[in-house]
Amino acid sequence: MKALFFIILFSIFGCFSGYAQPNDQARLIVHYASQFKFRKENPKLYEDEQVLEIGTHYSAFYGLWNTQREEIKDSIVSRGGSYGEVMQAFGKYGYPLSKQNYAVYKNYPKVGKLTYTDKVFKKFKYIESMEKPTWEIIPGDTVIYDYSCQKAVTNFRGRTWVVWFTSSLPVSEGPWKLYGLPGLILKANDVAGDFSFHCIGIQKGERTVLKRPKGKFIECTPQKLARMHALCAKNPETYLQNFGISGMASQGVDGKPIQYKEMHPVLLEIFP
């Protein structure tokens, strides 16, 4: 089976040339079990399953659970289905609701650009130039998903990341914005213990069309998106009012105004 991967991956080498095509096909699909902290005031590690689709022209990294829930909802609503049918389908297919909604598209919409989308009640999107982390390959080896891996470390976007990559899958890709090593990153965690990704599955794409951003987005910057997360964590009702959205309960069962405890998001990127 690994021989087939070599054939696929060698064809990927040098593939990120020219402009990304809207209907790129996945050559390789990698599943990661991820853990993450959501609020600084809460030490709990939440879970998700995230997917990295590697195509000929670009790659897409997204959360499986919320993506599947969105596709189920859109399918039912498009044929006139009810809210009850949507909720019944959620229960049937068993995809949990995740607390994270971001997606990362490397070399999209063209080579050297990265598109990032997220949802903080509203859908946001920014495009930035790709920044390759500066890696140091350090002593250490392990086996992940039957692949021998080497160890590397980087300081990137305010966090120190320790990763394990395999040169047996010689494609310079990885979860989130991590890439630039001579092999696929199969495991990554930041030293603070806030985020981790661990490979739990690898498969051929088999004509799978890569995900790409769809729908309407509010254009922003990484810094503005971080501010949106901070405002929402501080007081979700006030945050929604900024967009003309109301309807959240402003009073508790005792009739008194709800006092929101100020919280702070745990972000993948730390801005000065």
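Since every read-out is calculated from the coordinates, none of them should be taken as a lab result. This structure is a prediction, so every number in the text was calculated from the model and none was measured. With ideal geometry, Cβ positions are generated from the backbone for all residues, glycine too; neighbour counts draw on all protein chains shown.
Quick one: give the max-minus-min coordinate of the C-alpha atoms of the stretch 2-204 along each principal axis, largest first, in Å.
Extents along the principal axes, in whole Å: 54, 42, 33.
Sticking with the crude label model, points 7 Å out along Cα→Cβ, report the distance from LYS40 to SER168 in nm, one decimal please.
For the pair LYS40/SER168, the computed spacing is 4.2 nm.
Using mean Cβ contacts within 10 Å as the protection proxy, how do 104-114, 231-241 order, highest first?
104-114, 231-241
Kindly provide the helix-only [θ] at 222 nm of the chain, computed as the sum of -39,500 (n - 2.57) over DSSP H runs of four or more divided by all residues, to the nearest 500 deg cm²/dmol?
-6500 deg cm²/dmol
Please give, to one decimal in nm, the separation of the simple spin-label points placed at ASP146 and ILE218, each 7 Å out from Cα toward the Cβ.
4.7
Most fluctuating residue of LYS125, LYS177, LYS73 in a GNM of the chain with Cα springs under 10 Å: which is it?
Looking only at LYS125, LYS177, LYS73, the largest GNM fluctuation is found for LYS73.
Fully extended, how many nm does the chain gain between ILE245 and TYR93 (0.36 nm per residue separation, minus their Cα-Cα distance)?
Residue separation times 0.36 nm, minus the Cα-Cα distance, leaves 51.7 nm.
Pop out the ³J(HN,Hα) list for the stretch 109-124 in order, Karplus 6.51 cos²θ - 1.76 cosθ + 1.60 with θ = phi - 60°, rounded to Hz; leave Gly and Pro as x.
Along the stretch 109-124, the couplings run x, 8, 4, x, 10, 10, 9, 10, 10, 7, 9, 10, 6, 9, 8, 10 Hz.
Going through the DSSP H helices of the chain, which span 27 Å or more along their own axis at the Cα atoms while scoring at least 1.0 as a mean Kyte-Doolittle hydropathy?
Membrane-span-like by this criterion, though nothing is claimed about a membrane: none.
How much length, in nm to one decimal, is gained on full extension between GLN203 and HIS264, taken as 0.36 nm per residue of separation minus their Cα-Cα distance?
Between GLN203 and HIS264, full extension yields an extra 18.2 nm.
Please quote Rg/Rh for the stretch 80-187 to two decimal places, taking the Kirkwood radius as Rh and restricting both calculations to Cα atoms.
For the stretch 80-187, the value is 1.10.
For GLU237 paired with ILE127, estimate the spin-label separation in nm (one decimal), with each label point 7 Å from Cα along the Cα-to-Cβ line.
It works out to 4.0 nm between the two label points.
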